[in-house]
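Notes for the one structure printed next.
The values are calculated or read from the model by the stated rules, or taken from the named source; none is laboratory data. If you're wondering where the values come from, they're calculated on a predicted model, not measured in any experiment. No Cβ is skipped: glycine too gets one built from the backbone with ideal geometry, and neighbour counts run over all protein chains shown.
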Amino acid sequence: MSDTVTLTLKDAIDGRVVADAILPDRFATLSTTEIAHLPIWLTRHTSPPALADATGCDTDRGTRGPDQHSVELGDLFSVRGERSAVVRVQGNLTNVDGIGAAMAGGTISIDGNAGRELGRAMTGGTIAVHGNVGDDAGVAMAGGAVLIWGSAADRVGGALPGASRGMTGGEIFVRRNVGRDAGTGVRRGLIVVGGDAGDGTARAMIAGTVLVMGTAAGTVGLWNKRGTVVALGGATVPATYRYACTYRPPYLRLIFAYLRRAHGVPVDDRYINGQYARYCGDLSEIGKGELLLWTDS
């Protein structure tokens with residue numbers, strides 16, 4: 001038994017890889033050889049052969065469709081260690097998708113960037129990425145923690161295509177910025193953005209908390225039912241929200257204390273001790289949600 005299973009990408013990947021076989025709770029019972037034989041999917045976009053026309057010149061009939069096939073984990077990664085729920089992944093994983101999908105326990109540490117659907121539908125454990133991630137990080141997750149020390153693209157903590165709700169539990173922390181539609185359809189859980197958020201933050205939110213420590217751009221909290229959206233750097237209040245009061249929310253102090261203690265986030269005292277303008281909405285829904293904007297007063 002090893003303390004850690006380490007996966008190191010052998011070469012740069014031409015195409016995309018769906019590596020949802022990288023699961024610490026699964027690795028905990030497997031030998032090095034068994035881990036290396038796990039199937040993953042590789043998609044390559046191939047170019048067509050050149051064709052000669054009647055004049056003898058080469059012609060191009062366009063791009064051939066993607067070439068998708070199953071390979072073994074050991075074909076792309078060197079594997080060291082066995083029977084451990086602590087996993088470390090090394091290399092440029094920008095084109096590697098689905099890491100930690102449906103994981104229920106253990107830890108994954110990624111030294112660098114990661115691809116799409118990181119932690120999709122996970123129910124437990126911790127994923128820490130020391131870089132940036134692609135779209136749909138933490139989509140449909142129900143538990144555990146996703147910690148991203150860089151930026152994340154669109155739909156952080158959002159819903160799977162066609163689903164009526166997104167994240168239903170757990171915690172997502174992004175140290176820098178996120179793209180569009182963060183927290184779409186969130187039912188439970190906590191999403192913290194250390195930088196700015198793109199358009200559509202907390203759209204169709206059902207409950208839970210989305211905290212943006214920078215600016216929330218564009219529309220925020222549309223069709224929010226009972227969720228809480230906090231924007232320390234400001235946001236445009238939708239027309240379907242109404243001002244309620246200005247006060248100091250006690251639970252925000254608890255969240256900030258947790259972020260300082262658990263993740264070392266440098267939360268300024270002015271946000272901890274400051275007042276927040278509370279707007280209730282979305283009144284086009286049941287109107288029990290809230291948008292909290294820090295006020296310098």
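Before moving on, here are some points about what is shown:
- Note on the stretch 227-252: among residues that are β-branched (Val, Ile, Thr) and over 26 Å from the mean Cα position of the chain (by Cα), the one that is surrounded by the most Cβ atoms within 10 Å (Cβ to Cβ) is 240.
- Going through (1) outside any loop (DSSP other than H, G, I, E, B); (2) surrounded by 23 or more Cβ atoms within 10 Å (Cβ to Cβ); (3) under 11 Å from the mean Cα position of the chain (by Cα) one by one, residue 182 falls short only on (1).
- Out of 150, 200, 157, one residue alone is in contact (Cβ under 8 Å) with a residue 24 or more places away in the chain and out of contact with any strand residue (DSSP E or B) (no Cβ under 6 Å at 6 or more places or on another chain). It is 150.
- Here residue 280 fulfils each of the conditions (1) closer than 20 Å to residue 193 by Cβ; (2) part of a strand (DSSP E or B); (3) in contact with a Leu (Cβ under 9 Å, 6 or more places away or on another chain); (4) not small (Gly, Ala, Ser) apart from (1).
- Qualifying residue in the stretch 230-248 (condition: closer than 27 Å to residue 121 by Cα and at pLDDT 95 or above): yes
- Within the stretch 208-226, considering residues that are within 16 Å of residue 159 (Cα to Cα) and within 18 Å of the chain's Cα centre (by Cα), the one surrounded by the most Cβ atoms within 10 Å (Cβ to Cβ): 210
- Tabulated pairs, the stretch 102-118, first closer than 18 Å to residue 12 by Cβ, second among the small types (Gly, Ala, Ser), C-beta under 6 angstrom, 6+ apart or interchain: 112/131; 113/131; 115/134; 116/134
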